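The values are calculated or read from the model by the stated rules, or taken from the named source; none is laboratory data. Nothing here was measured: the structure is a model prediction, and the numbers come from that model. Cβ coordinates were reconstructed from backbone atoms using ideal geometry, including for glycine residues, and neighbour counts include every protein chain displayed.
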Amino acid sequence: MRTKLAEIELLLARIERLAAELHVDPDGHVRRSAVELRAAFETRAAVEPLVWRVRESIEMLQRTNEDGTRREFRQRAHAVGYLEDVMRAELVPMLRQVGFDV
């Protein structure tokens, strides 16, 4: 169990870094959400609502990309997609393995 929790901690740090590197998130919403998620995990607080918040933040950016309203969003859509893939394919399954309802 400790190994899984350590892996999740590393993955959360990676997600936080990826979110911080998003230049398409001018308000820093995804970054702040990722920071709050990692802090909740470290303090053993409820992470489920924060996982939802990060995913919702990412989806918001993706919708903006699809709208094509801002050139910089379209140009960097792959970074947002990659972050969403990491959340969906790596973080969520790992959290479920240790008992979180995400």
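Only one entry in A20, A34 is of a type in the set (G, A, S) and either at pLDDT below 90 or more than 10 Å from the chain's Cα centre (by Cα) (or both), namely A20.
The set of residues in segment 43-64 that are outside any helix (DSSP H, G or I) and surrounded by 14 or more Cβ atoms within 10 Å (Cβ to Cβ) contains only V47. The C-beta contact set for segment 75-89 (first residue at pLDDT below 85, second residue assigned to a helix (DSSP H, G or I), distance under 6 angstrom, 6+ apart or interchain) comprises A77/N65.
For A40, are the conditions met, namely being at pLDDT 90 or above and assigned to a loop (DSSP other than H, G, I, E, B)?
No, not satisfied.
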